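Enquirer: The structure that follows is given in the form of structure tokens.
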Amino acid sequence: MGDIIPILNDGIIAEYEDVLKRPKFRFDKRAVQVFMDDLKRRAVYADVGMIDDEVPDPKDVVFYAVLMEKRREEDAYLVTGNLKHFPMRTYIVTPREMLDILGEY
């Protein structure tokens, strides 16, 4: 099995940092910073490409657009617990489905 490589851009990083710093999660600020620093080091970066599909939540467009841009070069997946927020595509999967896909390698 190969490495899982996150695909990021500035918009996605900002969203992750915003979510992880929400008081309801009670994550330690230092732990969030360490996690984000490590995530950024492991990631590849992609620009936001043009998309033809409709994405119901405007805040999710960046995730879909980065995915579609990266898919121009190689296989990539969007892993989400909110499938209804994205067009139905075989490369938009739940965490469970991603684990099943990884198990095939």
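The values are calculated or read from the model by the stated rules, or taken from the named source; none is laboratory data. None of these values were measured; they are calculated from a predicted model. Using ideal geometry, Cβ is built from the backbone for each residue, glycine included, and neighbour counts are taken over all protein chains shown.
Enquirer: Can you pull out every residue in segment 89-105 that is part of a helix (DSSP H, G or I) and acidic (D, E)?
Expert: First, pick out the residues of segment 89-105 that are part of a helix (DSSP H, G or I): 95-103.
E97, D100 - these are the residues of segment 89-105 that are part of a helix (DSSP H, G or I) and acidic (D, E).
Enquirer: If D37 passes every condition in (1) modelled with pLDDT under 95; (2) out of contact with any helix residue (DSSP H, G or I) (no Cβ under 8 Å at 6 or more places or on another chain) but one, which one does it miss?
Expert: (1)
Enquirer: For segment 86-105, give me each residue that is touching a strand residue (DSSP E or B) at 6+ places or on another chain (Cβ under 9 Å) and within 16 Å of K59 (Cα to Cα).
Expert: F86
Enquirer: Right, something else. For segment 48-105, what are the residues that are under 21 Å from L8 (Cβ atoms) and hydroxyl-bearing (S, T, Y)?
Expert: Matches in segment 48-105: Y64, Y77, T80, Y91, T94.
Enquirer: Ok, one more. When you scan segment 1-88 for helices (runs of 4 or more DSSP H) that lie fully inside it, which ones turn up with 2 or more residues that are exposed (fewer than 10 other Cβ atoms within 10 Å of the Cβ), under 11 Å from the mean Cα position of the chain (by Cα) and of a type in the set (K, R)? Can you show your working first?
Expert: On the way: elements: 10-20, 29-42, 61-71.
Where helices (runs of 4 or more DSSP H) fall fully within segment 1-88, none carries at least 2 residues being exposed (fewer than 10 other Cβ atoms within 10 Å of the Cβ), under 11 Å from the mean Cα position of the chain (by Cα) and of a type in the set (K, R).
Enquirer: Could you list all residues from segment 9-33 that are under 25 Å from V61 (Cα atoms) and among the aliphatic types (A, V, I, L, M)?
Expert: I12, I13, A14, V19, L20, V32, listed by residue number.
Enquirer: Next question, about the same structure. If I ask for residues that are within 15 Å of V66 (Cα to Cα) and free of Cβ contacts under 8 Å to residues at least 12 places away in the same chain, which ones from segment 4-39 would you list? Show your work before the answer.
Expert: First, pick out the residues of segment 4-39 that are within 15 Å of V66 (Cα to Cα): 5-16.
Matches in segment 4-39: D10, A14.
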